[in-house]
1. Hey, among the residues in region A:166-182 that are under 17 Å from A:L262 (Cα atoms) and more than 11 Å from chain B (Cβ to nearest Cβ), which one's surrounded by the most Cβ atoms within 10 Å (Cβ to Cβ)?
2. List the residue pairs whose Cβ atoms are under 7 Å apart, where the first residue sits in region D:143-165 and is more than 21 Å from D:T8 (Cβ to Cβ) and within 11 Å of chain C (Cβ to nearest Cβ), the second is open to solvent by 30 Å² or more (accessible area, probe 1.4 Å) and polar (S, T, N, Q), and the two are 6 or more positions apart or on different chains.
3. Does D:T114 meet the test of being β-branched (V, I, T) and in contact (Cβ under 8 Å) with a residue 24 or more places away in the chain?
4. So C:V294 fits all but one of (1) among the aliphatic types (A, V, I, L, M); (2) in contact (Cβ under 8 Å) with a residue 60 or more places away in the chain; (3) farther than 24 Å from C:E35 by Cβ; what number is the exception?
5. Looking only at residues that are under 20 Å from the mean Cα position of the chain (by Cα) and open to solvent by 40 Å² or more (accessible area, probe 1.4 Å) in region D:331-347, which one is farthest from D:F77 (Cα to Cα)?
6. Given C:T297, C:T323, C:T277, which one is at pLDDT below 95 and closer than 30 Å to D:C161 by Cβ?
7. Can you tell me how many residues within region C:219-230 are touching a residue at least 24 places away in the same chain (Cβ under 8 Å) and among the polar types (S, T, N, Q)?
8. Look at C:E215 and say whether it is at pLDDT 95 or above and either touching a Leu at 6+ places or on another chain (Cβ under 6 Å) or more than 14 Å from every other protein chain (Cβ to nearest Cβ) (or both).
Number of protein chains: 4
Amino acid sequence: MKRIGMLTSGGDCQALNAAMRGVVKGLSNSLKELEVYGFFDGYKGLIYGNYRLLTAADFSGILTKGGTILGTSRQPFKQMRVPDENGVDKVEAMKHTYHKLNLDCLVILGGNGTQKTANLLREEGLNVIHLPKTIDNDIYGTDVTFGFQSAINIATDAIDCIHTTAASHNRIFIVEVMGHKVGWLTLYAGIAGGADIILIPEIPYSIDKVIEAVEKRSQAGKGFTILAVAEGAISREDAKLSKKEYKEKLKKREFPSVSYELAARIGERIGNEVRVTVPGHMQRGGSPCPYDRVLCTQLGAAAAKLILDNDYGYMVGMVNGNTQKVPLGEVAGKLKMVEPDSQIIDEAKAVGIRFGD
Amino acid sequence: MKRIGMLTSGGDCQALNAAMRGVVKGLSNSLKELEVYGFFDGYKGLIYGNYRLLTAADFSGILTKGGTILGTSRQPFKQMRVPDENGVDKVEAMKHTYHKLNLDCLVILGGNGTQKTANLLREEGLNVIHLPKTIDNDIYGTDVTFGFQSAINIATDAIDCIHTTAASHNRIFIVEVMGHKVGWLTLYAGIAGGADIILIPEIPYSIDKVIEAVEKRSQAGKGFTILAVAEGAISREDAKLSKKEYKEKLKKREFPSVSYELAARIGERIGNEVRVTVPGHMQRGGSPCPYDRVLCTQLGAAAAKLILDNDYGYMVGMVNGNTQKVPLGEVAGKLKMVEPDSQIIDEAKAVGIRFGD
Amino acid sequence: MKRIGMLTSGGDCQALNAAMRGVVKGLSNSLKELEVYGFFDGYKGLIYGNYRLLTAADFSGILTKGGTILGTSRQPFKQMRVPDENGVDKVEAMKHTYHKLNLDCLVILGGNGTQKTANLLREEGLNVIHLPKTIDNDIYGTDVTFGFQSAINIATDAIDCIHTTAASHNRIFIVEVMGHKVGWLTLYAGIAGGADIILIPEIPYSIDKVIEAVEKRSQAGKGFTILAVAEGAISREDAKLSKKEYKEKLKKREFPSVSYELAARIGERIGNEVRVTVPGHMQRGGSPCPYDRVLCTQLGAAAAKLILDNDYGYMVGMVNGNTQKVPLGEVAGKLKMVEPDSQIIDEAKAVGIRFGD
Amino acid sequence: MKRIGMLTSGGDCQALNAAMRGVVKGLSNSLKELEVYGFFDGYKGLIYGNYRLLTAADFSGILTKGGTILGTSRQPFKQMRVPDENGVDKVEAMKHTYHKLNLDCLVILGGNGTQKTANLLREEGLNVIHLPKTIDNDIYGTDVTFGFQSAINIATDAIDCIHTTAASHNRIFIVEVMGHKVGWLTLYAGIAGGADIILIPEIPYSIDKVIEAVEKRSQAGKGFTILAVAEGAISREDAKLSKKEYKEKLKKREFPSVSYELAARIGERIGNEVRVTVPGHMQRGGSPCPYDRVLCTQLGAAAAKLILDNDYGYMVGMVNGNTQKVPLGEVAGKLKMVEPDSQIIDEAKAVGIRFGD
């Protein structure tokens, strides 16, 4: 007999349901008795005791279903120690819910922020297992996160669509790809979509180098150019600012995002309009791709095994092709970024992709 | 023996290549001798004599290929009678190219503006056949244009993706769909995607009605709302302005598009952030859907038949399930708009979709 | 207040759920009180009183969901008047269930066979509305059935995939498309997929003509050939047999389907192996395409309107772009086949497609 | 200056073009002078001197294109040492072509058999680089082959489509997945598609266990069952036969494939018809998925680097997330099979999937 709680927190992504299904199938396949409590809207549900006992029917047919059957919300880690507007101590409230329901374990699906709170709960004595969800692929300790490959597919599809129209019109196009802090998604979608220039937060760009690359293509008789630009792409000058200074600068900016600004700056210098496409939240949505479904089935099964073994306090990651338990204390708070001198960047450069550096 | 010229003009869309393939297959299948001249970048190629003799190889494998192998450009009809910066009379230049190459006919693929110029050339004594290309579906005299169904698929896919994330986060989302003057694409994608509110240029909206609709959903316990909004959606007040006044107003607007403005206005009143997704030019791109491929094969074959019959001066349309020749003089300059009291609008309203009216 | 029953019968297809959602949304939007009884597994549920009162939740999120939430089964019209193994009179049993539940109307979704039974129930005094479901597009009185366009997409996708492998290997490929009696699906998917030869039941083929067409392509230097072949494609000789004789012949055939036999016969004569691909039931499955979702929303809304008007005894079809009520008595029992001399066949031939005739 | 030859051999698959583009972009980006000779139809082109000097235009726009621009053919390794019907010594002929063109290196894309011949050419003194292509994922020395993920997507899509129809009809369905010797594709597509039973060559099945699993689902109230069955799935009894005996047995079999036989045997015992779907060669076709495009860009760049370094005799594989050179002599002739007691099999079993063992 096990009694587990489950929640999804942070921005939603594909395969959250697939992962929960994996955990529950993994448990119910071995246990005669199992109670699964689903907390609604992320940590909120745990704090305010908003939950429901889930049944097998809840997990039927959700392998391919996008979004999360539990709902989610963003609950910044920074505010977990700050009482809410009614003076409720959130951490104590979560512990209270956990103990009231007599849970054996909390299965928590989310990204970096979610992981930090999961680790906090672990430090507070709760049994937790964390599953690494994010289209950003920036979670330390796992080779890949779920949602990442599905998001690559959508972002690449956007670049593919833009490709035909860019070529027909001899135009310069920017496709803005999600990713404020890290460039994994932009890097992979950019390579997959055949982007000519890829700009990511980890490699601050020189606007002169970017324009030079555009012009070189034009001189080589290539009529169109596609730039895959991460939301968090940053120029060399801005990268020298302090975090606070940069935030201030962004607030004053007249453009809705970095891509629009870049488009204006390139367009001005080149003398041609540069178009911008922003697939935006589409990248988190829709049915998970087969890769993510297999990944989540494996991660879910591995999580179930840990629970059956009463072995708690881990993220379950995928390392060198195998699922692996990773102590939460070792990875919480760390960010996995693209290394500017990594093999994949070298290889992208070798086939002619420019990064503005 | 026939000698034909071919060009694609205006914004590109899916199935332009499929349509050209249809014409050429239809001709080469019946003729021993055939010369096809492809003019590059729309009417530009015809004006400045920029063309290439095309071969069978050019038309191989392009049924499924997005964009246009000839390139395209926007050449506003208004400026056709205005000499270019070097004093070149464009209409005379086009006639000159036509006669120099001793063409039997020009096959012109494009939307409304393109059609007007095609009609002008007809009036100037050239043999022309026009094929109705546009994702906007706004060409008078045909039930459907090619590109429309492919664009619906992409716009619907965008709404589908947003659906899962909207539901997971209980959010209000606007998906901005292409269409400055007409709402066909927004209407069909909106219905197909299960949008709750659809705003199109033909039905000016009342912001109060829109907000009321959003709130009603919220009161009914539906956590999220999706609005499909055409680029050219317009409020009742703005619809009362003269064209010139409205243009002036738009110029001063601080938002990049109507969706962002709407999002701000709704968000302010509702007290919740409203997210915007702009698939943009993606909607013109990628491989044509099977519907458009069949449509273009039929239109192309019908165009070829007219050419074999030396019967010129038509658009080839699809009317009640059959291809049909439609005199260019009868349709050029007319716009096919969504009728606010048409059956499909009534039916959309009947299933609960709101139009802000 | 209305009390309606609903069932889906015959082979399942895409957009059944979308159509039921359309009906229910159309009714619940106008009625304060509405009871919808869903009968399980087609007419079986009506015969044996196997049903459930459906709620709004049942219709939420099903616009994009393949299959049918009610289940379905094949109940041949021929056997409706034959008592079951326990001596139950099926027609009387259906009437009994109908009256016991005090229904205002039955909404019946299905193909030709289903329609005949619906008409029988109408003749027996029940109020019925029929919605034309089938990937075969063979229902008389409507320009298009739902499921058809979604199935075209899947069958075309199959041909597209085969195209690249056929071209790489210089091979002859047969793609077997669903359709025992009619060739609509094969015709449209064949044209959309760029098939070189299309064989459908309505145009019996000469094996010599087929082989000649294959050889002509080879002589013209085209290394590969793709045949789109309907399940019910038939040779000229076999078409001369009586129905009974042909059935007998099929039983003795050593091949699992016509495609395998054709592959053997062509391969023998050409001296090269001919490969066969059978997407089969895939063609009925998966999420409905946007076209079908709009179609079903319209058909559903129109059906709801008839119910609100107490106007029964119709199929709701799509005729020349508008939904339309069609008296069941006028269409039941009729089959809509491809006309061998119709415009689309002429156009397909004009672009070089061969039909083996 | 480099002069390289390139060929694709064996069954085609997705991303062959993407891989060749990667190599050529990687070389041309570093070299002022480069000559690339493309041999047609696999080793045949090399043997008989059938080739063409390729230009930059050949590699433009092929990142997303299925198939292979060079064509391919199956040239069994066993027969490489056997003279052809005109007495031509194939190995000598290949060496002759290589030396006549004064090549620096041969880039060979193919699967296991292709790799063995590549190794033979290496032993004969030619400079070769091999890139691991196959949807089977059975190449030793690399974690993944290209084509594998694209094929998973297609096979999973087939299972997804079957899912809705199986559920609607309460049917048992077999989806036959490609793979005669290994079960990787079936395993991954099966897990991704939510198959209930997966049969692969590496885990011989007991028909009793399979039927038991089907019946258990039925007893648990689950109306339908989906089996993902590899082409090379084998029963325990057959697995005991010698290779020769089994081949003989297969020849006498009245069924076109293992799936049809299995369907008959299960159907007989269960008393219900079991349906079979065979996506077949579709699984090799169509545009490569983003995963494969990135993989091939990386492998291609890595191959180019080796060529620039004059470092020959390797397969370029992907090992633990990095491209890596692997000596051909160490891997040629080895097959990478699914281990019956590997982690992924354990995890699949843990979530309730049955393997018939």
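1. A:V177
2. Hits for this filter: D:D160/A:T64.
3. yes
4. That leaves (2) as the condition not met.
5. Going through the qualifying residues, I end up with D:P340.
6. Working: C:T297 fails: at pLDDT below 95; C:T323 fails: at pLDDT below 95.
Only one candidate qualifies: C:T277.
7. Qualifying residue count for the region: 1.
8. Details: at pLDDT 95 or above: no; either touching a Leu at 6+ places or on another chain (Cβ under 6 Å) or more than 14 Å from every other protein chain (Cβ to nearest Cβ) (or both): yes.
It is false that C:E215 is at pLDDT 95 or above and either touching a Leu at 6+ places or on another chain (Cβ under 6 Å) or more than 14 Å from every other protein chain (Cβ to nearest Cβ) (or both).
The values are calculated or read from the model by the stated rules, or taken from the named source; none is laboratory data. Owing to the predicted nature of the structure, the values given are computational and were not obtained by experimental measurement. Cβ coordinates were reconstructed from backbone atoms using ideal geometry, including for glycine residues, and neighbour counts include every protein chain displayed. Note: accessible area is taken over every heavy atom of the protein model, side chains too, but ligands, DNA and RNA are not part of it. Shrake-Rupley method; radii C 1.70, N 1.55, O 1.52, S 1.80 Å.
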